[in-house]
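The values are calculated or read from the model by the stated rules, or taken from the named source; none is laboratory data. Computed from a predicted model, the values in this text were never measured in an experiment. So basically every Cβ, Gly included, is an ideal-geometry build from the backbone, and we count neighbours across all protein chains shown.
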Amino acid sequence: MSEPRPPWSARRRRLLLWLAVGAVLGGLGAVGLPGEWGVTAAFLGALCAFLLVVALVVFITVPGPDTLGTLLRTAPLAGAVLVVAVLLVLSNPTGSSLRWLWVVAAVAAAAWTAFAVWETRRSGG
């Protein structure tokens with residue numbers, strides 16, 4: 001039998017509450033505000049809704065304290081991010097204005113992957 005999950009901290013609940021409020025206010029702003037303000041509100045509301053779903057998935061998947069540390073030590077996640085970043089680098093032509101961003105993301109993902117693998121091997125996990 002598995003141990004019961006620890007209750008979510010006040011910080012986690014507060015984050016989820018404010019992301020939900022941002023999603024609702026963004027949706028209301030998209031309907032109520034004119035023109036470009038409504039579009040901007042819609043994008044911000046959609047971003048809050050997306051981050052709310054991501055936070056829920058992370059909080060359910062990684063219970064308890066040290067969520068960030070657990071994610072940083074997850075080698076499969078780091079490897080997947082590295083693959084996506086390298087594919088973004090390869091899919092952009094050399095003169096593209098965003099290529100530098102994808103190169104930086106790929107280098108950061110490579111460093112993250114190396115750290116995750118090193119931490120996993122060091123701790124014997």
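Odds and ends about this structure:
- The listed residues are 81, 62, 58, and the only one of them that is closer than 28 Å to residue 117 by Cβ, under 14 Å from the mean Cα position of the chain (by Cα) and touching a residue at least 24 places away in the same chain (Cβ under 8 Å) turns out to be 81.
- Applying the set (1) under 30 Å from residue 4 (Cα atoms); (2) at pLDDT 95 or above to residue 64 leaves exactly one unmet item: (2).
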